[in-house]
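Visitor: Structure in structure tokens, see below.
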Amino acid sequence: MARHDHAFSRLIDDASTTPIDGWHFSFLEGRQTSTPLPWDYERLAAERLASAAHVLDVDTGGGEVLARLAPPAGTIAVEDWPPNIPMAAARLQPLGVEVRQRVDGRLPVADAGADLVLNRHGDLDLAEAARVLRPGGVLLTQQIAAVNEPEIGEALGAPAATFPNAVRDLDDLAARVEEAGLVCEVRAQAAVVTRYLDVGALVLQLRAVPWQAPGFVAHESLDALRRVHQRIEAHGSFDVTSVRFLLHARRPR
């Protein structure tokens, strides 16, 4: 028992002190796995970037995904999470990408100022996307469901994380697209199972995405985390479920 307690304490201590920056999540490699999606967002984004001149990437994080896509000079990346802004600027400015923040909730782009809006796991404001798109312009977004990984809340004795502006289901997505005046050309949904292979990986995830469990502090949740650790020891992983949505929509000409 003492050996198990030592292993648990070491995982918690290490995960609580590991530096976390940006949205690369490399600190979870080998410690977390997820069901592959039936689509490849980065490939789809790269295909659309090939013919786009005026690009807006919404909620770019640390700019990791956008940088891999080799965006055209003059692309605008939007990021509002303060720790990510300097990292996104350092990564993207050498590529000719300007990093901006929203102003009073509005995207920092003029009306009809973009022919492609990208948004991966960011705030989905379809009315704003429609405003900034030129006639014929495209929105490509991958979204997380409004209720995400409820098993984490259950394990911690807290309400499930919910995201008020997130998509509930495909019908909700279709209705919101129509209301915004966009034309839906592709929409898809897929279930995802994410497996945490050690309790430290879960702590790292919750540090990197604090809105997943507001107020979470590992050393204040040791009893709950120990139960997760014991579940992983017994079954090999702590599994959580979520839903992802893909949307390709166009502003009518």
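The values are calculated or read from the model by the stated rules, or taken from the named source; none is laboratory data. Quick caveat, the model's predicted, so the values are computed rather than measured. All Cβ positions, even for glycine, are placed from backbone atoms using ideal geometry, and neighbour counts span all protein chains on display. Surface areas here come from the heavy atoms of the whole protein model, side chains and all, with no ligands, DNA or RNA. Shrake-Rupley method; radii C 1.70, N 1.55, O 1.52, S 1.80 Å.
Visitor: I'd like to check one number: the per residue accessible area of segment 106-163, probe 1.4 Å, reported in Å² as a whole number.
Guide: Values: 1990 Å² over 58 residues.
Accessible surface, normalised per residue, equals 34 Å².
Visitor: Right, next: List every residue whose amide H lies under 5 Å from the amide H of residue 116, counting only residues 5 or more places away in sequence or on a different chain, with H placed 1.01 Å from N in the peptide plane.
Guide: For residue 116, the qualifying residues are 54, 56, 138.
Visitor: Another question about this same structure. Hey, what's segment 191-253 come to in accessible area per residue, 1.4 Å probe, Å²? If you can, show how the numbers build up before the last one.
Guide: On the way: 2900 Å² over 63 residues.
Roughly 46 Å² per residue, with all protein chains present.
Visitor: Name the residue farthest towards the positive end of the dipole of the chain from the options 28, 92, 229, assuming +1 on Cβ of Lys and Arg, -1 on Cβ of Asp and Glu, about the Cα centre.
Guide: Comparing the listed Cα positions along the dipole, 92 ranks first.
Visitor: Would you work out the charge dipole size for segment 38-104 about its Cα centre, treating the Cβ of every Lys and Arg as +1 and the Cβ of every Asp and Glu as -1, and quote it to the nearest 20 debye? Don't jump to the answer; show the numbers that get you there.
Guide: Numbers: 6 positive and 10 negative charges, 35 e Å.
With only Lys, Arg, Asp and Glu charged at Cβ, the dipole is about 160 debye.
Visitor: Also, I was wondering about something else. So which trypsin sites (Lys or Arg not before Pro) in segment 181-219 end up in coil per DSSP with only 11 or fewer other C-beta atoms within 10 Å?
Guide: Numbers: sites: 187, 195, 207; in loops: none.
Listed in order of number, the matching sites amount to none.
Visitor: Could you go through segment 66-73 in sequence order and give the Karplus-derived ³J(HN,Hα) for each residue, using 6.51 cos²θ - 1.76 cosθ + 1.60 with θ = phi - 60°, rounded to whole Hz, and x for Gly and Pro?
Guide: The phi angles translate into 4, 4, 5, 7, 6, x, x, 4 Hz.
Visitor: I would also like to ask the following. Of 156, 209, 219, which is farthest towards the positive pole of segment 128-226's charge dipole, taken about the Cα centre with +1 and -1 on the beta-carbons of Lys, Arg and Asp, Glu respectively?
Guide: Sorting the options by dipole projection puts first 209.
Visitor: Let me ask something additional. Defining a contact as two alpha carbons under 8 Å apart and six or more residues distant in sequence, what relative contact order in percent does segment 1-151 show? Don't skip to the end; give the middle numbers.
Guide: Values: 218 pairs, mean separation 30.1, N = 151.
Across segment 1-151, relative contact order equals 20 percent.
Visitor: Using only helices, what value at 222 nm comes out for the chain when you add -39,500 (n - 2.57) per DSSP H run of length 4 or more and divide by the total residues, to the nearest 500 deg cm²/dmol? Walk me through the numbers before you get to the answer.
Guide: Numbers: 9 runs with 86 residues, N = 253.
Calculated mean residue ellipticity at 222 nm is -10000 deg cm²/dmol.
Visitor: Amide H neighbours of residue 32 under 5 Å, at least 5 residues apart or on other chains, H built in the peptide plane: list them.
Guide: Distant-sequence amide H within range of residue 32: 197.
Visitor: Here's something else I'd like to know. Out of the total accessible area of segment 1-149 (probe 1.4 Å, heavy atoms of protein only), what percent is carbon and sulfur?
Guide: Details: 3810 of 7010 Å².
About 54 percent, which is the carbon plus sulfur part of the accessible surface.
Visitor: Measure of size requested: the Rg and Dmax of segment 1-53, with Cα atoms as the atom set and Å as the unit; please supply both.
Guide: In Å, with Rg to one decimal and Dmax whole: 18.7, 61.
Visitor: Here's another thing I want to ask about it. Quick check on packing: order 178-186, 59-67 by the mean number of other C-beta atoms within 10 Å, highest mean leading. Please report the intermediate quantities before stating the final value.
Guide: On the way: 178-186: 14.6, 59-67: 22.7.
For the peptides 178-186, 59-67, the packing ranking is 59-67, 178-186.
Visitor: On to the next question. About the Cα centre of the chain, how large is the charge dipole given +1 on each Lys and Arg Cβ and -1 on each Asp and Glu Cβ? Please answer in debye to the nearest 20.
Guide: Working: 25 positive and 34 negative charges, 87 e Å.
For this selection, approximately 420 debye.
Visitor: Can you tell me the relative contact order of the chain? Whole percent, Cα pairs under 8 Å, sequence separation 6 or more.
Guide: 23 percent.
Visitor: How large is the accessible surface of residue 171 in square angstrom, using a 1.4 angstrom probe and rounding to the nearest 10?
Guide: Spelled out: residue 171, probe radius 1.4 Å, area about 120 Å².
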